[in-house]
Amino acid sequence: MRASTVAGRYARSLLNVAILTGKEEEYSNFLSLSRQVYERFRDFFDNPTVKPGVKLRLLVEALRDLGVELDNAEKNFLLILFERKRQKLLPLIERLYGYERIESMQKIPADLQIAHEPSQEELELLRKLVRKFVLRDPVFKIHVRRDLIAGAVVEFEGFRYDTTVLGRLKKMSRQVLKRRGEGS
């Protein structure tokens, strides 16, 4: 079974528990911090000679030092990951949990690359654009990229809408190269 499929099941299961207990944001923070601790001490957590219970205790203590107390569901979730040797999926589970959470709100995740910090007016125009195609409100993950010069790139559900100066320059250069290739 593919890693993304397995990670998706873990993410959905955790989200279901989070929704039932009203702890969606808390579980999101728990996943983020758990991933960070895991990545920092990856060699220890991936060591097959260390028992899952020991890994769990160490992670729980590390999170407690960061001011986070885990509930039983969070501890059980981590223990299952360690027992099944799937802790490497934590970064993917975290990302998929975020997407699942957005979907559960009847919204759509969208990536927004923009040359400057967007104003509320610009965000509203981009929301309208996305709604036009998928009839749902987007939740933007915003990346400011100065190299775009001006404009924005919006990506959602496999669709890409590019209004950047950089995108237009690249398109023009491809057309020029194509014409030169036809003329030879």
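Tabulated values for the structure
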{"quantity": "Answer from Leu166, Leu126, Leu177 - the residue that is buried (at least 16 other Cβ atoms within 10 Å of the Cβ) and modelled with pLDDT under 85", "calculated": "Leu166"}
{"quantity": "Residue that is surrounded by the most Cβ atoms within 10 Å (Cβ to Cβ), among those in the range 1-22 that are in contact (Cβ under 8 Å) with a residue 12 or more places away in the chain and more than 18 Å from the chain's Cα centre (by Cα)", "calculated": "Val17"}
{"quantity": "When residues of the range 47-56 are limited to those that are surrounded by fewer than 18 Cβ atoms within 10 Å (Cβ to Cβ) and touching a helix residue (DSSP H, G or I) at 6+ places or on another chain (Cβ under 7 Å), the one nearest to Glu94 (Cα to Cα)", "calculated": "Pro52"}
{"quantity": "Complete set of residues in the range 138-183 that are among the charged types (D, E, K, R) and over 10 Å from Gln113 (Cα atoms)", "calculated": "Asp147, Glu157, Arg160, Arg168, Lys170, Lys171, Arg174, Lys178, Arg179, Arg180, Glu182"}
{"quantity": "Contacts under 9 angstrom Cβ, first residue in the range 162-184 being free of Cβ contacts under 8 Å to residues at least 24 places away in the same chain, partner exposed (fewer than 10 other Cβ atoms within 10 Å of the Cβ) and not in a loop (DSSP other than H, G, I, E, B), 6 or more apart", "calculated": "Leu166/Asp147"}
{"quantity": "Only listed residue being surrounded by 17 or more Cβ atoms within 10 Å (Cβ to Cβ), over 20 Å from the mean Cα position of the chain (by Cα) and not in a helix (DSSP H, G or I), chosen from Leu70, Leu112, Leu63, Leu59", "calculated": "Leu70"}
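The values are calculated or read from the model by the stated rules, or taken from the named source; none is laboratory data. In this text, all values refer to a predicted model and were calculated from it rather than measured experimentally. Virtual Cβ from ideal backbone geometry, glycine too; neighbours counted across all protein chains shown.
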